[in-house]
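A short write-up of the structure that comes next.
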Amino acid sequence: QVQLVESGGGLVPGGGSLRLSCAANGRTFSVYAMGWFRQAPGKERECVASISWGGRYTYYADSVKGRFTISRDNAKNTVYLLMNSLKPEDTAVYYCAADTSGRYLAAAPSSALAYDVWGQGTQVTVSS
């Protein structure tokens, strides 16, 4: 089975930057698309960014376009989320997700239903 472990969360001032990492272990050869989701208090979970296995296809939520960058290093079985120009509205628990079904071989789905393995989350807090 694939397991995901997020890291890199923390408390940062508005305008600051943070880099999240998600390391996969186990049957990593079956990991395809990966994504970052977040859930703020009192709000629904939303997809922040996602990336296909080869990195050719990416998705970004409108709220983070131009500020966040998703990337992956398959040799290290790790996906990253570089967050620049952070805003208090970015405060949330960030979750890493992976598709191991193979249904999205060349895609970067934004729906949570596309992912079957999830990390436990890392807190990101942006102060004003």
Sorting ASP73, ASP62, ASP99, ASP116 on solvent-accessible surface, 1.4 Å probe, most exposed first, gives ASP62, ASP116, ASP73, ASP99
If each K or R counts +1 and each D or E counts -1, the residues other than SER101 whose Cβ falls under 14 Å of its Cβ total 0
The farthest towards the positive end of the charge dipole of the chain, of the residues SER71, PRO13, SER50, given +1 on Cβ of Lys and Arg and -1 on Cβ of Asp and Glu, is SER71
Per DSSP, the loop-located GluC sites (Glu not before Pro) within segment 1-83 having at most 11 other beta carbons within 10 Å are GLU44
Rounded to the nearest 10 Å², the accessible area of TYR57 using a 1.4 Å probe with every protein chain kept is 100
Taking every other residue with Cβ under 15 Å from the Cβ of LYS43 and scoring Lys and Arg +1, Asp and Glu -1, one gets -1
Which residues qualify? For VAL2, with a placed amide H closer than 5 Å and at least 5 residues away or on another chain, they are ARG27
So the FRET efficiency between ALA75 and GLU46, C-beta based with R0 = 41 Å and rounded to 0.05, is 0.90
Between the modelled labels at GLU89 and SER17 (7 Å from Cα along Cα→Cβ) the distance in nm is 2.2
If N is the residue count of segment 1-109, its Cα Rg over 2.2 N^0.38 Å rounds to 1.03
Expected field for PHE29, accessible surface area in Å² at 1.4 Å probe radius, rounded to 10, holds 140
The lysines whose Cα lies under 22 Å from the Cα of LYS43, excluding any fewer than 8 residues away in the same chain, are LYS65, LYS87
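The values are calculated or read from the model by the stated rules, or taken from the named source; none is laboratory data. This is a predicted model, so every value here is computed, not measured. Positions of Cβ are generated from backbone atoms using ideal geometry, with glycine treated the same way; all protein chains shown enter the neighbour counts. Calculation scope for accessible area: heavy atoms of the full protein, side chains included, ligands and nucleic acids excluded. Shrake-Rupley method; radii C 1.70, N 1.55, O 1.52, S 1.80 Å.
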